[in-house]
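**Student:** Could you have a look at this structure, given as structure tokens, before my questions?
The values are calculated or read from the model by the stated rules, or taken from the named source; none is laboratory data. In this text, all values refer to a predicted model and were calculated from it rather than measured experimentally. Cβ atoms come from the backbone with ideal geometry, glycine included; neighbour counts cover every protein chain shown. Surface accessibility is based on the protein's heavy atoms, side chains included, excluding ligands, DNA and RNA. Shrake-Rupley method; radii C 1.70, N 1.55, O 1.52, S 1.80 Å.
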Number of protein chains: 2
Amino acid sequence: MSDPLGQVFGALADPSRRQVIGYLSARGTATATELTGELPMTRQAVAKHLATLADAGLVESERQGRETRFRLTEAGAEWDDRLDALRSHLTRHRR
Amino acid sequence: MSDPLGQVFGALADPSRRQVIGYLSARGTATATELTGELPMTRQAVAKHLATLADAGLVESERQGRETRFRLTEAGAEWDDRLDALRSHLTRHRR
DNA sequence: CTCATGTGCAACCTCCTGGTTGCGCTATTG
DNA sequence: CAATAGCGCAACCAGGAGGTTGCACATGAG
């Protein structure tokens, strides 16, 4: 759609997707099946989230044998930091 | 829905809404009818965008007589700055 | 007072999104 | 080689998002 900013914000708007970013930041790498254990949804749903994150350039994948491992891109890691900052900025400013 | 971050990102995901933020930042204040002149949509559509921006806490309104004037909140102004930074960050990193 | 201007509310439509199920293919393992 | 684990693709569904039209209500201007 040639609206990179919109894709990024759209990707970050979903809480499950932000959680995925958090998990990937903590683990470094994970497969869709692994992440399914952490989220209340099916593997295919997780795979879709990973796909939109990849479209937004926040995540990249690499097939290793029969599994596909995902990790944060540089932009994704930057956003993981910004998310932490924004969260504390919110709770600080709330009241 | 008690997902403040999600509301903010959702609001920023739409290009028309980001444009509205830009206009408000430039003009300081505007009504829905005024903004309709700048965007290819009806006044009601603009009003909806302003409502979601207000729900996200990026914009606030004040009724003056028969018109309702909108302006950026502090958070909205901060995001207007962050948007500029992100855009140049993108065009810098792209290529 | 009358009338035009500005607004808000509600119904409606279309398309996208988050999620599901089902199936078939690929690659490891025993 | 056979069985299984992991993945991708496609169809499908309910609900929300972006937008429209139509109308009723309030307020300032003449």
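**Student:** Among the residues of the range A:12-45, which ones are assigned to a helix (DSSP H, G or I) and near DNA strand C (Cβ under 8 Å from one of its atoms)? Give the steps one after another, and end with the answer.
**Tutor:** Residues of the range A:12-45 assigned to a helix (DSSP H, G or I): A:12, A:15-27, A:32-36, A:43-45.
A:16, A:17, A:43, A:44, A:45 - these are the residues of the range A:12-45 that are assigned to a helix (DSSP H, G or I) and near DNA strand C (Cβ under 8 Å from one of its atoms).
**Student:** Okay, next question. Based on what the data block shows, is residue A:27 more than 24 Å from residue B:83 (Cα to Cα) and in contact (Cβ under 8 Å) with a residue 24 or more places away in the chain?
**Tutor:** no
**Student:** Can I ask one more? Considering only residues of the range B:8-22 that are more than 8 Å from every other protein chain (Cβ to nearest Cβ) and surrounded by fewer than 19 Cβ atoms within 10 Å (Cβ to Cβ), which is farthest from residue B:48 (Cα to Cα)?
**Tutor:** B:22
**Student:** Still on this model: Looking only at the range B:46-63, how many residues end up being of a type in the set (Lys, Arg) and outside any helix (DSSP H, G or I)?
**Tutor:** Matching residues across the range B:46-63 total 1.
**Student:** A further question follows. For the range A:56-85: of the residues being among the acidic types (Asp, Glu) and under 11 Å from the mean Cα position of the chain (by Cα), which is most open to solvent (accessible area, probe 1.4 Å)?
**Tutor:** Just the residues of the range A:56-85 that are among the acidic types (Asp, Glu), to begin with: A:60, A:62, A:67, A:74, A:78, A:80-81, A:84.
Still in the list and also under 11 Å from the mean Cα position of the chain (by Cα): A:60, A:80.
Values: A:60: 80, A:80: 20 Å².
Filtering first and then ranking leaves A:60.
**Student:** Look through the range B:23-50, keep the residues that are away from DNA strand D (no atom under 15 Å from the Cβ) and among the small types (Gly, Ala, Ser), and return whichever of them is most open to solvent (accessible area, probe 1.4 Å).
**Tutor:** First pass over the range B:23-50, keeping only residues away from DNA strand D (no atom under 15 Å from the Cβ): B:24-30, B:34.
Still in the running and among the small types (Gly, Ala, Ser): B:25-26, B:28, B:30.
Values: B:25: 55, B:26: 87, B:28: 39, B:30: 0 Å².
By that ranking, first place goes to B:26.
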